[in-house]
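Undergrad: Handing you a structure now.
Read-outs: derived from the displayed coordinates by stated rules, not from any lab. Since the structure is predicted, the reported quantities are computational estimates derived from the model, not experimental observations. Here the Cβ is made from the backbone with ideal geometry for all residues, glycine too, and neighbour counts use every protein chain on show.
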Amino acid sequence: MDKSQPRNSLVVEDMPVLKPDDEAEEFVLASLKRTSLLATDHWLEGVSPRLKKSKRFKLVTTYAIVGVFSFLIFLYLSFPFNVVKEVLVGKVNEVFIQAKLPVRMTVGSFKPKFPLGLSFEDIQLSNVNDPSATVKIGKASVAISLLAPLLGNVAADLRLEQSGGSVEIETTQSIRGLIAAGNSRSFRLPSGDVVIEFTRFELKPLIASALAYVRSGNNPALQTIQPFLRTEVSGLLSGKIKLDVPSPGDSFDKVTSDIDLKISKAYFEMKDETLAIPRQDFSEARIKAKLAKKSLEIPAETKIISNDLGLNLSGRMSVSDRMDITDVKLNLGLTLKGKIEENFKTLLPVIMGCDLAKMVGGKMNVELSGNFSALTCN
């Protein structure tokens with residue numbers, strides 16, 4: 001500035017000189033960078049490099065998780081579940097046909113179950129020869145454990161719901177045992193454990209279907225008991241069955257089992273009136289047994305009591321490696337009343353190989369020993 005000029009005067013050299021275009025562009029970019037809220041550098045300013053790297057990693061991980069979940073939702077909404085259902089049902093029915101079983105299965109709906117499982121609804125098992133004999137299951141679900149294969153096992157949970165009751169099956173099977181059982185020429189149980197728990201499970205449709213299947217076979221050897229095959233049996237089953245099978249190569253002595261079942265609201269009704277057996281409503285029905293070291297123990301809690309029939313059973317029996325029953329020693333208490341006593345007090349002792357004198361006043365307490373094919377009554 002020229003000192004000879006007045007203080008308030010303005011000369012050209014005092015005016016600001018504009019920078020080149022590249023510096024102007026740098027100014028604009030710097031402004032945009034400061035105002036961008038989405039850029040990580042904006043909110044990471046003043047943060048240490050280590051913490052900045054950690055936050056960037058968390059952001060990328062969040063985006064990845066959101067992307068995976070979005071893909072899974074898209075896959076769930078677009079997956080052809082009906083096609084898969086028809087294929088699975090078709091494969092099951094093919095197995096029934098190859099096994100010459102007159103059973104067919106239908107499924108109403110099918111969908112996956114998180115994290116790894118399947119859910120079925122409106123399942124029906126029908127008899128081809130007797131359409132009236134149909135087992136309906138409201139819901140069924142299968143869940144497979146993700147961690148079990150890491151330990152060399154296959155773990156699955158199966159749940160069936162029917163008429164307000166349910167049955168749940170929890171099983172853990174050794175992969176090695178499953179392979180050995182599949183390659184074996186003779187029947188063998190795969191190694192592992194199975195727990196079956198019943199909660200007020202309705203027995204009527206299952207028993208009706210089983211009897212209808214036997215009737216449809218037209219086996220001449222069963223003609224004499226055809227009236228008994230038209231029996232109606234019902235009840236609500238509750239209790240638990242546990243089975244533990246050792247690894248392949250281990251002795252059958254290590255197989256253990258524990259059974260404790262109760263049947264409430266049970267009844268038995270013959271549809272053939274010529275047999276003169278009135279309907280029996282059971283006040284108590286319990287089955288209890290324990291298998292250990294090839295010995296099946298039946299405690300005294302095992303009993304069936306109805307209005308005209310009482311049955312108490314206890315004792316033990318041996319089980320061979322081939323699952324045959326040998327060395328039987330059972331204590332049997334039998335009580336008959338009413339029409340059943342009038343019509344069967346002489347027939348039942350003969351069937352069991354007992355002397356008629358064992359039945360006194362409708363009661364009989366005997367010991368059955370030997371093999372099932374040739375029992376001795378004492």
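Undergrad: If I take R0 = 30 Å and measure r between the Cβ atoms of SER373 and ASN129 in this structure, what FRET efficiency does the formula 1/(1 + (r/R0)^6) give, to the nearest 0.05? Before the final figure, lay out each step's value.
TA: Values: r = 31 Å, r/R0 = 1.05.
Calculated transfer efficiency: 0.45.
Undergrad: Follow-up question, since we're still on this one. Between ASP272 and ASP157, what FRET efficiency comes out of the Förster formula 1/(1 + (r/R0)^6) with R0 = 45 Å and r the beta carbon distance, rounded to 0.05?
TA: On the way: r = 42 Å, r/R0 = 0.93.
About 0.60, to the nearest 0.05.
Undergrad: Ok, one more. Per residue, how big is the convex hull of region 208-366 when only Cα atoms are used? Give it in Å³. All intermediate terms of the calculation are to be shown ahead of the outcome.
TA: On the way: hull volume 23.7 nm³, N = 159.
Dividing the Cα hull volume of region 208-366 by its residues yields 149 Å³.
Undergrad: Another question, then. Would you mind working out the magnitude of the charge dipole of region 190-273 relative to its Cα centre, with +1 at each Lys and Arg C-beta and -1 at each Asp and Glu C-beta, to the nearest 20 Debye?
TA: Computed charge dipole of region 190-273: roughly 300 debye.
Undergrad: Amide H of SER234 versus every other amide H placed in the peptide plane: which residues, excluding those fewer than 5 positions away on the same chain, fall under 5 Å?
TA: Those qualifying (amide H under 5 Å, at least 5 residues apart or on another chain) are TYR267.
Undergrad: Stretched out fully, how many nm does the piece from PHE96 to VAL68 gain, at 0.36 nm a residue minus the Cα gap? Please report the intermediate quantities before stating the final value.
TA: On the way: separation 28, 0.36 × 28 = 10.08 nm, distance 3.98 nm.
Result for the pair: 6.1 nm of gain on full extension.
Undergrad: Taking the square root of 5 times each eigenvalue of the Cα gyration tensor, what semi-axes in Å does the equivalent ellipsoid of region 256-306 have, largest first?
TA: Working: eigenvalues 181, 29, 14 Å².
The equivalent ellipsoid of region 256-306 has semi-axes of 30, 12, 8 Å.
Undergrad: Follow-up. With a ≥ b ≥ c taken as the square roots of the eigenvalues of the C-alpha gyration tensor of region 206-285, please select rounded if a/c is under 1.5 and otherwise prolate if a/b is larger than b/c or oblate if it is not?
TA: On the way: a/c = 3.42, a/b = 1.63, b/c = 2.10.
Oblate is the answer for region 206-285, as a/c is 1.5 or above yet b/c matches or exceeds a/b.
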